[in-house]
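Heads up: the structure comes next, in structure tokens.
The values are calculated or read from the model by the stated rules, or taken from the named source; none is laboratory data. Computed from a predicted model, the values in this text were never measured in an experiment. Glycine also receives a Cβ, built like all others from the backbone with ideal geometry; neighbour counts cover every protein chain displayed. The protein model used for the area step is the full one, side chains on, heavy atoms only, and it has no ligands, DNA or RNA in it. Shrake-Rupley method; radii C 1.70, N 1.55, O 1.52, S 1.80 Å.
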Amino acid sequence: PTIMITVTYFMVGLEASFIKFLLTWIFCIMNMLVAQSWGLLIGSKFPMPKMSQAIATILMLTFMLTGGFYVSDLDSWISWVKYIGFTFYGNGLLHELHIDKNSEFFFKMGGTEVYQAIIVMLGMFIILRVLTYRVLKNQTI
């Protein structure tokens with residue numbers, strides 16, 4: 001991921017600032033680790049590959065569609081889903097860092113403070129890894 005982030009960062013012409021590059025790298029690595037944690041949890045809960053692939057596809061598409069990247073105005077009955085998906089927080093952090101030029105770094109991100117989004121991402125990472133451990137521990141051999 002580091003090579004891809006490095007090449008992509010300078011290829012798309014983002015600001016040549018070491019701090020912004022480092023924060024981009026950190027946010028992308030956090031996003032990747034949370035996505036990996038979801039994959040580990042799904043793979044450990046559903047050991048049959050076809051079933052785990054189907055569930056992972058449905059879950060990731062749901063997170064992407066409700067996370068605000070494609071659709072920003074959702075009905076109230078489904079708008080809660082974006083808060084359990086990692087794409088809402090990962091894309092929001094990168095948007096706040098690179099696109100919102102009129103704000104300092106710790107301003108609001110769609111109603112959520114940036115540091116709160118970081119804490120939520122770290123919390124998701126820890127909770128999903130613990131859940132994966134519990135699922136694997138409870139499986140019989």
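Within the set of pairs 6+ apart or on separate chains, which have a first residue in region 78-103 that is hydroxyl-bearing (Ser, Thr, Tyr), a second that is at pLDDT below 85, and C-beta atoms under 6 Å apart?
Close Cβ pairs satisfying both conditions: Thr87/Gly67.
Select from region 13-31 the residues that are under 13 Å from Leu94 (Cβ atoms) and over 21 Å from the mean Cα position of the chain (by Cα) and list them in ascending order.
Glu15
Could you check region 32-58 and list, in sequence order, the residues that are more than 13 Å from the chain's Cα centre (by Cα) and not hydrophobic (A, V, I, L, M, F, W, C)?
Of the residues in region 32-58, the ones more than 13 Å from the chain's Cα centre (by Cα) are 40-58.
The answer is Gly43, Ser44, Lys45, Pro47, Pro49, Lys50, Ser52, Gln53, Thr57.
Within region 48-71, can you find the residues that are touching a residue at least 12 places away in the same chain (Cβ under 8 Å) and more than 23 Å from Ile5 (Cα to Cα)?
First, pick out the residues of region 48-71 that are touching a residue at least 12 places away in the same chain (Cβ under 8 Å): 55-56, 59-60, 62-64, 66-69.
If the condition is that a residue be touching a residue at least 12 places away in the same chain (Cβ under 8 Å) and more than 23 Å from Ile5 (Cα to Cα), then Ile55, Ala56, Leu59, Thr62, Thr66 are the ones that fit.
State yes or no: is Ile127 at pLDDT 85 or above and open to solvent by 20 Å² or more (accessible area, probe 1.4 Å)?
yes
Give the residue that is modelled with the highest pLDDT, with candidates limited to residues of region 91-111 that are out of contact with any strand residue (DSSP E or B) (no Cβ under 9 Å at 6 or more places or on another chain) and open to solvent by 50 Å² or more (accessible area, probe 1.4 Å).
It comes out as Asn91.
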